[in-house]
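Structure first, then comments.
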Amino acid sequence: MIQAADALACGHLVAFPTETVYGLGADGLSSEAVQRIFQVKARPADHPVILHVGSIAAAQALAKDWPRQAQRLAERFWPGPLTLILKRSSHVPDIVTGGQDTVGIRLPAHPVALAILSEFSQRGSGVIAAPSANRFGGVSPTRAADVVASIGDRLTVNDLVIDGGACGVGLESTIVDLSDPDRAGIRLLRPGGIDRLSLERVLGRPFNAISGSQAPRVSGALESHYAPTAKALRVDAQEFVRIAQQHRPQYATSDVLCLVMQARIPEGLGLQCHQMPLDPAAYGHDLYAVLNDADQRSIKLLLIESPPQTVEWEAVNDRLKRATARQ
Ligand code: TXA
Ligand code: MG
């Protein structure tokens with residue numbers, strides 16, 4: 001971890017595991033270092049990145065206001081898969097916030113991430129800017145090999161990819177907007193590792209709705225995002241066989257992959273099937289690994305059985321919707 005902290009302090013990039021997905025980290029208080037994240041990801045400049053810190057005190061130092069609801073959520077869910085959007089303090093670089101007056105902050109739970117943050121607070125700013133370590137718009141990496149496959153050719157010899165095994169949660173953090181609780185209310189910007197109901201229970205109230213015109217600029221809010229290279233379709237279980245039969249003649253057997261839960265596919269159709277977990281947390285853990293594997297195998301058509309439309313499946317359904325939005 002000393003090597004990682006040194007690399008960050010020198011302005012290099014460090015891809016590292018978090019409990020959600022792998023992040024592509026840079027010194028969060030250095031504009032030049034963060035600029036390289038945008039280059040490597042080919043990320044548009046107006047899409048802000050989140051800052052990772054090792055303590056609640058370090059998070060407070062990056063925010064202009066620290067509402068009582070931020071304290072409540074941080075005490076209950078940090079370290080963990082929750083990002084809080086707050087009014088930024090003046091020393092947060094513009095490039096981090098994409099020119100907005102707010103900043104996203106997260107205290108991750110992965111032991112490797114925490115160890116790097118701790119070392120880096122002794123050797124540098126202790127603040128790591130890190131979006132997911134993949135090319136913009138693609139599927140987030142949940143294994144070090146996915147990072148290398150997605151952006152390895154864009155890193156230099158001074159940058160590092162730290163292998164901490166597979167990420168436990170497998171989907172990105174939940175993002176809660178607390179930047180203007182009194183007027184705009186408290187809003188759920190991206191469902192993720194912590195479910196809506198657990199957050200609302202701690203807040204003591206439901207989230208406020210996001211109206212179209214005041215929706216903040218978030219890349220996760222793009223219609224198509226987290227998308228595999230393959231054409232991907234969401235299909236209801238009852239329709240699965242019919243839709244599969246419809247598409248099957250246009251593809252070679254090795255080009256099509258079905259991600260099924262309950263649907264039963266007759267052997268005679270000559271379709272490759274991957275059984276997805278029936279539990280939302282296990283499904284979330286596996287999803288990106290399965291999609292990244294499909295990209296690696298140059299799968300051309302993914303038929304994905306729709307999971308239940310219940311609140312426990314909100315984060316998974318959100319990612320599936322975006323992964324299948326391009327067609
Ligand atoms: O789990 C995660 O959040 C992972 C790990 C690495 O921590 N990171 C991640 O970063 O998913 P990224 O950049 O891929 O997604 C962060 C999302 C983006 O949609 C970004 O636009 C949004 O957070 N975001 C960042 N700062 C924001 C701000 N000030 N206001 C609104 N949205 C913001
Ligand atoms: Mg991302």
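Things worth noting here:
- Top-ranked residue of the range 98-145 - restricted to ones that are more than 22 Å from ASP177 (Cα to Cα) and basic (Lys, Arg), ranked as farthest from ligand 1 (Cβ to nearest atom): ARG123
- Residues in the range 291-315 that are in a helix (DSSP H, G or I), buried (at least 21 other Cβ atoms within 10 Å of the Cβ) and not small (Gly, Ala, Ser): LEU291, ASN292.
- Qualifying residues in the range 1-19 (those that are among the small types (Gly, Ala, Ser) and outside any loop (DSSP other than H, G, I, E, B)) - the one nearest to ligand 1 (Cβ to nearest atom): ALA15
- Residue within the range 52-66 that is open to solvent by 10 Å² or more (accessible area, probe 1.4 Å), within 16 Å of ligand 2 (Cβ to nearest atom) and either modelled with pLDDT under 95 or not small (Gly, Ala, Ser) (or both) present: no
Yes/no matrix, rows are residues, columns are (1) among the hydroxyl-bearing types (Ser, Thr, Tyr); (2) under 21 Å from the mean Cα position of the chain (by Cα):
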{"residue": "ARG36", "(1), (2)": "no, yes"}
{"residue": "GLN39", "(1), (2)": "no, yes"}
{"residue": "ARG43", "(1), (2)": "no, yes"}
{"residue": "ILE50", "(1), (2)": "no, yes"}
{"residue": "ALA57", "(1), (2)": "no, no"}
{"residue": "ALA70", "(1), (2)": "no, yes"}
{"residue": "PRO81", "(1), (2)": "no, yes"}
{"residue": "SER89", "(1), (2)": "yes, no"}
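- Count of the range 277-290 residues which are buried (at least 20 other Cβ atoms within 10 Å of the Cβ) and touching a Phe, Trp or Tyr at 6+ places or on another chain (Cβ under 6 Å): 1
- Among the residues of the range 45-73, the one identified as without any contact (Cβ under 8 Å) to a residue 40 or more places away in the chain, farther than 13 Å from LYS87 by Cβ and polar (S, T, N, Q) is GLN71.
- Every listed requirement among (1) modelled with pLDDT of 95 or more; (2) surrounded by fewer than 17 Cβ atoms within 10 Å (Cβ to Cβ); (3) within 19 Å of GLY11 (Cα to Cα); (4) within 21 Å of the chain's Cα centre (by Cα) is met by ALA113 save one, (2).
- The set of residues from the range 133-158 being part of a loop (DSSP other than H, G, I, E, B), hydrophobic (A, V, I, L, M, F, W, C) and away from ligand 2 (no atom under 16 Å from the Cβ) comprises LEU155, VAL157.
- Any chance ARG234 is modelled with pLDDT under 90, of a type in the set (D, E, K, R), open to solvent by 60 Å² or more (accessible area, probe 1.4 Å) and within 21 Å of the chain's Cα centre (by Cα): no
Condition check ((1) within 28 Å of LYS41 (Cα to Cα); (2) in a helix (DSSP H, G or I); (3) charged (D, E, K, R); (4) at pLDDT 95 or above) across all residues:
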site	(1), (2), (3), (4)
ILE194	yes, no, no, yes
ALA227	yes, no, no, no
ARG242	no, yes, yes, yes
HIS274	no, no, no, yes
ALA281	yes, yes, no, yes
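- Residue match in the range 97-107 (condition: open to solvent by 20 Å² or more (accessible area, probe 1.4 Å), within 16 Å of ligand 2 (Cβ to nearest atom) and in contact (Cβ under 8 Å) with a residue 12 or more places away in the chain): no
- Every residue from the range 90-110 that is modelled with pLDDT under 95 and in contact with an Asp or Glu (Cβ under 8 Å, 6 or more places away or on another chain): GLY98, GLY99
- Of all residues making up the range 188-202, the number that are away from ligand 1 (no atom under 14 Å from the Cβ) and buried (at least 17 other Cβ atoms within 10 Å of the Cβ): 3
- Condition check for ALA74: touching a helix residue (DSSP H, G or I) at 6+ places or on another chain (Cβ under 6 Å) and among the aliphatic types (A, V, I, L, M): yes
- Considered as a group, the residues in the range 164-187 that are crowded, with 17+ Cβ neighbours inside 10 Å and over 18 Å from the mean Cα position of the chain (by Cα) include one that is nearest to ligand 1 (Cβ to nearest atom), and that residue is SER179.
The values are calculated or read from the model by the stated rules, or taken from the named source; none is laboratory data. Keep in mind it's a predicted model, so treat the numbers as computed, not measured. Don't worry about glycine lacking a Cβ; one is built from the backbone with ideal geometry, like all the others, and counts go over all protein chains shown. Ligands, DNA and RNA are stripped out before the accessible areas are found, and what is left, the full protein with its side chains, is counted by its heavy atoms. Shrake-Rupley method; radii C 1.70, N 1.55, O 1.52, S 1.80 Å.
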